[in-house]
1. For Glu385 and Lys21, what does the FRET efficiency come to when R0 = 60 Å and r is the distance between their Cβ atoms, rounded to the nearest 0.05?
2. Taking every alpha carbon pair in the chain, what does the distance histogram look like in 20 angstrom bins from 0, in percent?
3. Let me have the 222 nm mean residue ellipticity of the chain computed from DSSP H runs of 4+ only, each contributing -39500 (n - 2.57), with the sum over all residues rounded to the nearest 500.
4. For Leu268, enumerate residues with amide H under 5 Å from its amide H, sequence gap 5+ or separate chain, H modeled in the peptide plane.
5. Considering only Cα-Cα distances, which of the following residue pairs are longer than 20 Å: Lys17/Lys91; Lys173/Lys451; Lys438/Lys473; Lys416/Lys457; Lys173/Lys397; Lys173/Lys438?
6. Using alpha carbons only, what's the Rg to Rh ratio of segment 187-240 with Rh from Kirkwood?
7. Would you mind listing how long segment 263-422 runs along its three principal axes, going by Cα atoms, in whole Å with the largest first?
8. I need the P(r) histogram for segment 201-337: all alpha carbon pairs, bin width 5 Å from 0 out to the longest distance, whole percents.
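Read-outs: derived from the displayed coordinates by stated rules, not from any lab. Note that the coordinates shown come from a computational prediction; the quantities given were computed from them, not determined experimentally. Don't worry about glycine lacking a Cβ; one is built from the backbone with ideal geometry, like all the others, and counts go over all protein chains shown.
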Amino acid sequence: MATAVADQQAILQQLIKTGAKTAFGKEHKLGEVKNYEEYKQAVPIRDYEGLKPYIELIKNGQENVLWRGKPIYFAKTSGTTSGVKYIPITKDSIGNHINTARNALLCYMVESGNTSFANGKMIFLSGSPVLERVGSIPTGRLSGIVNHFVPKYLRSNQLPSYETNCIEDWEEKLGKIVEETKNSDMSLISGIPPWMQMYFDWLIERSGGRKIKELFPNLQVIVHGGVNFEPYKAKLFDSLGGPIDTVETFPASEGFFAFQDTLDKEGLLLNTNSGIFYEFIPAGEIFNENPTRLTLADVKVGENYALIINSNAGLWGYNIGDTVRFVSTNPYRLVVSGRIKHYISAFGEHVIGEEVEHAMLQASQEHDAHIIEFTVAPRIEVSGELPYHEWFVEFEKAPEDMRAFTLSLDNALRKKNIYYEDLITGSILQPLKVRSIKRLGFQEYMKSEGKLGGQNKVPRLSNDRTLVDALGKWVEG
């Protein structure tokens with residue numbers, strides 16, 4: 001934590017030194033690069049589409065393309081524009097994924113004084129560990145790949161069984177997981193919040209309505225990541241039967257970037273000494289031809305940045321698609337504020353994920369509403385009235401006064417986003433409207449899209465209506 005900036009500079013130099021000998025490095029003349037300013041000139045920002053030609057060379061059997069040798073795995077992930085993405089994991093980068101998960105738990109042990117959970121049964125709601133081969137390289141979901149690296153001393157405590165973990169169909173798999181775990185003494189549960197909630201719902205239903213902490217009296221900690229926890233927290237804790245220690249993480253196929261290192265301070269500790277050199281672009285400039293590129297030493301608290309990574313997996317100037325906001329620079333702690341492609345700016349308002357989640361949390365607390373899931377899209381073409389933002393919400397517990405709830409939601413967003421406020425006061429937009437989604441509607445929608453379970457998430461925001469139009473059949477009334 002104390003040497004973060006120096007560690008970042010050392011990692012950049014090591015990346016350049018190794019990368020210079022690769023096909024990518026020769027093409028971008030990394031051998032001539034001496035410092036960060038020269039690096040920025042040599043290596044442009046790119047997304048997966050920009051990386052794809054190099055990935056194709058690797059798939060065709062070439063070595064030393066993006067990093068020395070060949071990747072030891074491809075992490076397979078679905079992109080919104082690129083279809084299936086194949087993210088390289090190298091011998092040098094695999095430790096980032098494994099060791100960071102370990103460090104998150106070790107920090108929790110030190111902070112809480114709780115080590116006994118490691119003696120109990122632990123469940124990791126993950127993808128299948130069965131790997132296919134793409135161009136001779138083992139390929140699968142990141143969570144399935146990581147499953148092969150669970151240390152031997154935890155294997156005997158790990159659930160579900162390997163056979164159950166290999167089931168591809170999420171609902172079939174979840175049914176087996178429930179059967180295998182409902183009578184076990186679970187002490188740790190890890191997963192993405194919406195799928196963890198589905199697991200809890202099935203457990204409660206199949207145990208005659210008993211809360212999770214009744215079923216697992218020694219359950220001590222939940223490890224979660226992938227989406228913002230706050231919108232799911234009230235429902236999860238209600239299913240549990242009360243609050244429990246939680247550890248938040250920020251993993252992705254491209255790297256394990258940050259984790260919660262303390263129980264009483266906001267934000268996740270950036271993983272600054274693990275083979276990744278970070279760059280930060282002010283979020284408003286991400287689509288510019290020549291955006292400002294900053295190192296860790298240059299970031300400021302409170303500003304939104306697009307996160308760019310350069311890593312020993314062979315990812316160079318790679319835009320992962322997430323925006324982050326630092327809450328501290330001593331040490332460097334951040335929160336994930338949204339997705340670059342998940343925003344609404346139909347009228348120049350540029351509303352982001354963090355803002356709608358903040359508004360939803362505030363309105364829900366004010367009106368004692370419990371939210372299962374929600375997404376937001378603009379309604380532009382409206383006959384005889386002003387356009388508006390349309391919120392599609394699945395309630396566990398709906399507010400008693402929906403009109404008052406909707407007004408609170410709109411006011412909270414207006415306070416959070418000045419552009420949205422100006423559009424409302426200027427009568428360009430009318431206040432938002434809420435559409436209630438039938439119970440289990442989001443799960444049914446994800447199932448219809450082939451995205452039930454695993455690492456799949458409902459986008460919080462869309463700038464068009466593709467998602468919400470498909471969701472329409474589950475709207476109430």
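1. 0.45
2. So the P(r) values, bin by bin, are 23, 56, 21, 0.
3. About -10000 deg cm²/dmol.
4. Answer set, sorted by chain and number: Leu334, Val335.
5. Long pairs (Cα-Cα over 20 Å): Lys416/Lys457; Lys173/Lys397; Lys173/Lys438.
6. Values: Rg = 10.6 Å, Rh = 11.3 Å.
Radius of gyration over Kirkwood radius for segment 187-240 works out to 0.94.
7. Over segment 263-422, Cα extents along the principal axes are 52, 40, 27 Å.
8. Binned Cα distances yield the sequence 2, 9, 17, 18, 16, 11, 9, 7, 6, 3, 1, 0.
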